[in-house]
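Quick notes on the structure that follows.
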Amino acid sequence: MAATTSAEAGAGRDDRPLDVITIGRSSVDLYGAQVGGRLEDMRGFAKYIGGSPTNMAAGTARLGLRSALITRVGDEHMGRFIREELAREGVDVRGVKIDPERLTALVLLGIRDREQFPLIFYRENCADMALEEGDIDPAFIAEAGCVTVTGTHLSHPRTEAAVLKALRLARDNGARTALDIDYRPNLWGLAGHDAGESRFIASAAVTAKLQAHLSLFDLIVGTEEEFHIAGGTTDTVAALRAVRAVSSATLVCKRGPMGAVAFEGAIPDDLDHGVSGPGFPIEVFNVLGAGDGFMSGLLRGWLRDEGWERALTYANACGALAVSRHGCTPSYPSWEELCFFLERGVRVPALRKDAELEQIHWSTNRHRSHGGDWSVMRVFAFDHRMQLEDLARDLAADPARIPHFKTLCLEAARRVQAGRSGYGILCDGRLGEEALFRAAGTGLWIGRPVERPGSRPLELEIGADYGSALAEWPADHVVKVLCFYHPDDDAATKAGQEETILRLARAARANSLELLLEVIPSKVGPVDDTTTARVIARFYEIGVFPDWWKLEPMTSEAGWAETSAVIGENDPHVRGIVVLGLDAPMHELAASFEAAARFPLVRGFAVGRTIFADPARRWLAGEIGDEDAVVAMAATFARLCAIWDGARGRAAPVPAGEPT
């Protein structure tokens, strides 16, 4: 199938602001990081957003739908995490209410083997179960073309009343309504806390409750076991017919490895006689959350009126991608990824080991999980260590003062930033640890170096176990590495440096950290208009896909064109390029900005010594105090920002085959 842009995917079927509102559970999923053991033996956990409606809101947003969520979260760190993650995913969070009295729900999950996925729900008097009718705003519901709910919130009178109000309003507004049965017996009080994995316990009371409301839906989705509880029998055909007796909705029955089937009218004797979409022969790694991925794909097709076969194709593909990865929401595809998967097909049954597919998954979802608008990058680089230590020695100043100076650099950056997006810092963790601590939560883009200053062949300061070292980093820190690499290096030097970069790139990706690769071939040998492009092409060839490139200035249009073209051909979803300064005087930087700004792939600059060199010398010498240093650096940084913004504003972009 032909790929569609995210903007085209987001085109609505009518003029309503939202395609879908989901309602119900919202939690923080703590996923056991170890695979193949008991939940009792997990040593570490990964943190994701969770809860079926929350997963579906994010999953549909990734597929281009304009989605929103109605739920409650606690007035604490986990509640803020959910709201922030949803916003980064593009979900409208106006309906995510903050409950001042209750905690956000938690779920502990694990992957024991291909059949066992233990989980524990921590939902005693949790925030989302306090959802009430007053949380349902008629004007908000009127914005949506569809309201989708899950069965759990029909299990309690208060949440049931809220759901029914939303459904009535939706139907009165001519919106579509959908139910994911999502039957969890222990959330209906039918099983103990250790039975979160249980999928079916017969209950006449639950059946009666569901059947009392099934007539309110245009679409009802469930596994065979979920239709068993809705229909009151473990005979699947009979259960579907029992549901059909009280509802005219399209029924979509999920059948595990056999795919799914839709019934718009009477239920046939054989389930194979319904409408189905193609299945995908893949290795099952983790079934938790797969149904929410399936529902996201189904809603994408249904709400775009693409027909049930296409909707089920989307749903089956999203489900296949979900069961192949760790976590629920993080495993769901973007629209670009889904199109690629459907067009190319399955090449590696263990999809998480398909390098090409995983690169598209990472690069098209990364902007959602690493927030901020980085289409313009104005970065103050003060990650220098060797230069500042040499300066302190030359001035006979105490090098122990350098960490404090770096906090002054941060203050200068923040004054220029003034709370706006598009500003950042490069700061190290050895001399700049305090500055990094203070930068947390400021909205600044944060890059952090790992190389041993000046090393060639490349050596890293983080030790031999890259993965363990990066595991300690905050999620919003970008791994920055400078490599003095030239395409004409001898084979041994090339091989050693390439191996280090490749290992680092894999460790960064394993820890869900972005990577900025800086290359400066001019410090090694002669360069021409093709040199940097050749370096970049080589790293792509060995499987290194940096999120960012940091490159030395090129005054030649041909040099930027060659560089932009090779990046665009290899990674159309790259974050972009930032131009480094190399301690150049202001007029040279202005000239390099004018040349670079014509190429949209160049997002901005990362300049350091031009900003801090003179203030650092005077401050270490005792000639100026803290405030004078901050004022001087802020003034220079602000001037560079203005020069870049002016150059970008004057530029006539040269595409040169690059992404926009």
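Could you work out [θ]222 nm for the chain from helices alone, using -39500 (n - 2.57) per DSSP H run of at least four and dividing by all its residues? Round to the nearest 500 deg cm²/dmol. Kindly include the intermediate steps, with their values, before the conclusion.
Working: 22 runs with 259 residues, N = 660.
Result for the chain, helices only: -12000 deg cm²/dmol.
If each residue of separation counts as 0.36 nm, what is the full-extension length gain between Asp269 and Asp645 once their alpha-carbon separation is subtracted? Provide the component values of the computation, followed by the final result.
Values: separation 376, 0.36 × 376 = 135.36 nm, distance 6.73 nm.
In short, 128.6 nm is gained.
Taking the Cα centre of segment 349-427 as origin, work out the dipole magnitude from +1 charges on Lys and Arg Cβ and -1 charges on Asp and Glu Cβ, in debye rounded to 20. Display every interim value, and only then the final one.
Numbers: 12 positive and 10 negative charges, 67 e Å.
Charge dipole, segment 349-427, about its Cα centre: 320 debye, nearest 20.
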The chain: antiparallel DSSP beta bridges as a percent of all, rounded to 5: 20 percent
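Roughly how many Å² is the accessible area per residue of the chain, as a whole number, for a 1.4 Å probe? If you can, show how the numbers build up before the last one.
Working: 25060 Å² over 660 residues.
Dividing the accessible area of the chain by its residue count gives 38 Å².
If a/c stays under 1.5 just call it rounded; otherwise compare a/b with b/c (prolate if a/b is bigger, oblate if not). Do that for segment 29-106, with a ≥ b ≥ c from the square roots of the Cα gyration tensor eigenvalues.
Numbers: a/c = 2.80, a/b = 1.44, b/c = 1.94.
It is oblate, given that a/c is not under 1.5 and a/b is not larger than b/c.
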Degrees between helix 491-510 axis and first principal axis of the chain (Cα, 0 to 90, nearest 10): 40 degrees
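Over segment 216-366, what percent of the accessible surface lies on carbon and sulfur atoms, probe 1.4 Å?
Values: 2600 of 5010 Å².
It is 52 percent, rounded to a whole number.
Please state the charge dipole magnitude for the chain, taken about the Cα centre, from unit charges on C-beta atoms (+1 on K and R, -1 on D and E), reported in debye and rounded to the nearest 20. All intermediate terms of the calculation are to be shown ahead of the outcome.
On the way: 71 positive and 92 negative charges, 132 e Å.
The dipole of the chain has a size of about 640 debye.
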Options (i) 0.95; (ii) 1.25; (iii) 1.05 - which one matches Cα Rg over 2.2 N^0.38 Å as calculated here: (iii)
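Which of rounded, prolate, oblate describes segment 325-381, given a ≥ b ≥ c as roots of the alpha-carbon gyration tensor eigenvalues and a/c under 1.5 marking rounded, otherwise prolate only if a/b is larger than b/c? Don't skip to the answer; put the middle values down first.
Values: a/c = 2.48, a/b = 2.18, b/c = 1.14.
It is prolate, given that a/c is not under 1.5 and a/b is the larger ratio.
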Cα-centred dipole magnitude for segment 371-467, charges only on beta-carbon of K, R (+1) and D, E (-1), debye, nearest 20: 380 debye
Extension gain from Ala142 to Asp394, taking 0.36 nm per residue of separation minus the Cα-Cα distance: 83.8 nm
Angle in degrees between helix 626-650 and the longest Cα principal axis of the chain, rounded to the nearest 10: 70 degrees
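With only alpha-carbon pairs counted, each pair once and no self-pairs, how large is the Kirkwood hydrodynamic radius of segment 526-660 in angstroms?
On the way: mean 1/r = 0.0627 Å⁻¹.
That comes to 16.0 Å for segment 526-660.
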In degrees, nearest ten, helix 586-596 long axis to first principal axis of the chain (Cα): 40 degrees
Gyration tensor verdict on segment 166-314 (Cα atoms; rounded if a/c is under 1.5, prolate if a/b is larger than b/c, oblate otherwise): rounded
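The values are calculated or read from the model by the stated rules, or taken from the named source; none is laboratory data. Just so we're clear, the structure is a prediction, and the values are computed from it rather than from any experiment. Cβ atoms come from the backbone with ideal geometry, glycine included; neighbour counts cover every protein chain shown. To get the accessible areas, we keep the full protein, side chains included, count just its heavy atoms, and leave off ligands, DNA and RNA. Shrake-Rupley method; radii C 1.70, N 1.55, O 1.52, S 1.80 Å.
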